[in-house]
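A.B. asks: Pasting a structure here, questions to come.
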Amino acid sequence: MSDDEALADVRIVLVGDEGCGKTSLVMSLLEDEWVDAVPRRLDRVLIPADVTPENVTTSIVDLSVKDEGKIITRLSLGQAFSEESWLTSEIRQANVICVVYSVTDETTVDRIQERWLPMIRQAFGDYHETPVILVGNKSDGTANNTDKILPIMEANTEVETCVECSARTMKNVSEIFYYAQKAVIYPTRPLYDADTKQLTDRARKALIRVFKICDRDNDGYLSDTELNDFQKLCFGIPLTSTALEDVKRAVADGCPDGVASDALMLSGFLYLHLLFIERGRHETTWAVLRKFGYETSLKLSEDYLYPRITIPVGCSTELSPEGTQFVSALFEKYDEDKDGCLSPSELQNLFSVCPAPVITKDNILALETNQRGWLTYNGYMAYWNMTTLINLTQTFEQLAYLGFPVGRSGPGRAGNTLDSIRVTRERKKDLENHGTDRKVFQCLVVGAKDAGKTVFMQSLAGRGMADVAQIGRRHSPFVINRVKVKEESKYLLLREVDVLSPQDALGSGETSADVVAFLYDVSNPDSFAFCATVYQKYFYRTKTPCVMIATKVEREEVDQRWEIPPEEFCKQFELQKPIKFSSNNIGQSASPIFEQLAMMAVYPHLRRVFYLSDSNLLSKITFGAAIVALAGFLVLKNL
C-alpha cells in the first residue's frame, strides 16, 4: 500500500472474473463517459475527499489479474506471489469489496459463491464484518439475473446490497462507489441482524445508553423538550411540532407500547432506529452513535474515553467547576426519593451505562454512607474527588460513559472530558506563595500492624468500632471525606501504607503525600519504633508536614522500645507531641484531628507554627480550642 493510499478513509477493492468490466467501471467513473480503449489493469486510484458525496478520501483498487495459476511478480518489492495469495493480501487491506459479475454471463454469477466469497472469507475469517457489494455490470441489455442473485444475498449476510449498472451507458456507475463508501462509513451489520430482522445486541446496548443520557429527568420517557434537545445535539436543528407528532405516530403504528403520555419510551426509541435502518437510513443512527462517542465497532473510541493530558511534576488533578456541576446533577437526577442518599438500586441505575460496576461493596468502604450503608451526597462527591486524584484514567472513562462530553458539546462544538478536569498549580509554587487553591489533599497513614489504622481511617467516614468489626478484613486502603479548613470545604484522602516492616520501600507516590500521620499503639511496646524508623528514613528534613498519633489510649500505656520516648522524639525533631486518638473518638470528637491534618496539608509552610502552637497552647487548652486558635492565627496572617 502506498503512502497516499494509506491516507484514504475508504479503500474500495474490485474483484471478479476477467471480462466482467471492472476496469471499464473505474474508467467510466473517472472520465464520466464510456471509454472504448481501457488498459488491462489500472493503477490504484485516489479520489480526494472534496469530490465525494460523503467528503471522504477514497482509494479504488482494480484487482484485474491474468489467467489463474500464473505467478504475478510485484517488481516494486522484488517478490513473487501466487495469484491466490496476492489477491488475498490485497483483499485483506480493503474496507469494502465490490464483487463484479456480468449480467450477460451466468458463469460469473456462479463464481460469486464458488470463488469470490470464499476468498473474501479466507482473507477476513468466516464471521467478518467487512461489507461486500455485488455489482452486476453490462446491464444495458435485456439480461436479468435477479432470480440467482437474491438467494446469494440471503445466504451471505456480509453482502450489503446488489447494484446493476452499465459502464457503457453510465447507468448507476457513480452509485456503485457511493454505496461502497456508505457501506464503510455507515455499515449495516454492526447495527442490524438480517436473520432476526432486529437490532444487534451491541446496537441495542449503545442506543439504551443514548436514551438514558438524553432522559434528563430520569422518568423513563423522552418528552418533546428532550426529543428536541436530542435532535439539536445530534443534527444541529430542532424538530417542528409537526415532525415531532409524525415521529411519535410512526412509532405508535409499529410499536404500540413505544409511546406513552405523549412521550417516547425506550422501546419506541429503539424501534425508531430499527425503522431508520430498515428504510435504508442507517446513516441517521450512525450520526447519533458517533455523536455519543461510538466507533464502527460500537465501542467508545479511545480519544473519547481517554483524552490526552499533560500533568507536570508536582501538580495534581481535581474536578473542574464543570465536572463538579455535572456529577452533582447526576446525583440529583438519580436520587429518586430525594433523601440525600443513593440506595443500591439508585446507584446501579446511575452507573448502568458504564461497562462494569463502579462503586462496589469494597470501595464504598472508602466513602461516607448512612446507617443503612447507602451512599450519601458527601460520599458520592468524595468518590469523584478521590478517583480524579488517584486514578484520572478511571474518571475520564466513567465521565465519558455517563455522557459528560455530550453534555458539554453542541452544534459545531465537540465535547471533551478534559473540560471536567483542572490541573493544579505545582506544589513548589504553592509553598513559595504560601497558599493554594487545591481542594483535595492526601494524607499518608503509616503504622505497624494492629496499630489501629483501619479504625482511625474509617472514623473519617463516621464509622465506629462496631462498623469496623463488621467490615473485617474487607477494608479499603483509602478513605475520603470533607473537612473544614478556615470555613472552606476541603477533601482529605487518607491512604494506608501497605508495608509490613520499616525496611520495606515506599514508592514515590507515597512519599509525595501532602501530610503524613504516624500511628502507634500505646499498649504495644514495639509499635512506635516502626513510625520512628519510617519517619527518619523518608520524611526527616523534608517539607512534608508529619504528626504522631497515639492510638488505643483507652488501654494501659506501656513504655516504647525506642531510644527515647515518643514525646521526646517529637520534641527532638520539632514535631508537635503525639495526638491521642481513642477507638471511641468517632464523629465530632474525632473531627479536630482530621481538621488539623487537612490544615497542615493546606499550609505546609507553617510546620513550625504547629510545633510552637503545640508547645504553647496544647498544654493549656483543649485540642479543639487549639485548632480554633490556629485558624485565627492564619486568618490574621492573611489580613
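The values are calculated or read from the model by the stated rules, or taken from the named source; none is laboratory data. Fair warning: this is a prediction, and the values are worked out from it, not measured in the lab. All Cβ positions, even for glycine, are placed from backbone atoms using ideal geometry, and neighbour counts span all protein chains on display. Ligands, DNA and RNA are excluded from the accessible area calculation, which covers all protein heavy atoms including side chains. Shrake-Rupley method; radii C 1.70, N 1.55, O 1.52, S 1.80 Å.
A.B. asks: For log10 I(q)/I(0) by the Debye sum over Cα atoms at q = 0.08, 0.09, 0.10, 0.12 Å⁻¹, the choices are (i) -0.76, -0.85, -0.94, -1.15; (ii) -0.69, -0.84, -0.98, -1.26; (iii) -0.59, -0.75, -0.94, -1.38; which was calculated from the structure?
C.D. replies: Given (i) -0.76, -0.85, -0.94, -1.15; (ii) -0.69, -0.84, -0.98, -1.26; (iii) -0.59, -0.75, -0.94, -1.38, the structure-derived one carries the label (i).
A.B. asks: Please state the relative contact order of the stretch 308-430 as a whole percent: Cα pairs under 8 Å, 6+ residues apart?
C.D. replies: Working: 135 pairs, mean separation 48.7, N = 123.
The value is 40 percent.
A.B. asks: Report, in deg cm²/dmol and to the nearest 500, the calculated mean residue ellipticity at 222 nm for the chain, where each DSSP H run with n ≥ 4 adds -39500 (n - 2.57) and the sum is divided by the residue count.
C.D. replies: Numbers: 27 runs with 254 residues, N = 639.
Taking each H run of at least 4 residues, the total per residue is -11500 deg cm²/dmol.
A.B. asks: While we're looking at this one, here's another question. Pairs of alpha-carbon atoms within less than 8 angstrom and 6+ residues apart define the contacts here; what relative contact order does the stretch 198-299 have, in percent? Before the final figure, lay out the partial values.
C.D. replies: Details: 87 pairs, mean separation 28.8, N = 102.
Relative contact order here is 28 percent.
A.B. asks: With angles folded into 0 to 90 degrees, how steeply does helix 146-155 sit against the dominant principal axis of the chain? Use alpha carbons for both and round to 10.
C.D. replies: Result, in degrees: 20.
A.B. asks: Rounded to the nearest percent, how much of the accessible area of the chain (1.4 Å probe, protein heavy atoms only) is carbon and sulfur? Don't skip to the answer; put the middle values down first.
C.D. replies: Values: 14770 of 30110 Å².
For the chain, the apolar C and S fraction of the accessible surface comes to 49 percent.
A.B. asks: I've got another one for you. Relative contact order for the chain: what percent, with Cα pairs under 8 Å and sequence separation of 6 or more? Write down the numbers at each step before the final one.
C.D. replies: On the way: 1016 pairs, mean separation 52.2, N = 639.
This gives 8 percent for the chain.
A.B. asks: Can you tell me the orientation of helix 392-402 relative to the chain, as the angle in degrees between its alpha-carbon axis and the longest Cα principal axis, to the nearest 10?
C.D. replies: For 392-402 against the chain, the angle is about 60 degrees.
A.B. asks: With a 1.4 Å probe and all protein chains kept in place, how do 296, 242, 551 rank by accessible area, largest first? Walk me through the numbers on the way to the answer.
C.D. replies: Numbers: 296 60, 242 90, 551 5 Å².
Descending order: 242, 296, 551.
A.B. asks: So, one more: At 1.4 Å probe size, with every protein chain present, just tell me what the per residue accessible area of the chain comes to in Å². Provide the component values of the computation, followed by the final result.
C.D. replies: On the way: 30110 Å² over 639 residues.
Value returned for the chain: 47 Å² of accessible area per residue.
A.B. asks: Helix 83-92 against the longest principal axis of the chain: what's the angle in degrees, Cα atoms only, rounded to the nearest 10?
C.D. replies: Approximately 50 degrees, to the nearest 10.
A.B. asks: Here is a follow-up. What does the highest-first list of 570-576, 453-459 look like by mean Cβ count within 10 Å? Walk me through the numbers on the way to the answer.
C.D. replies: Working: 570-576: 17.4, 453-459: 24.4.
Going by the mean number of other Cβ atoms within 10 Å, highest first, we get 453-459, 570-576.
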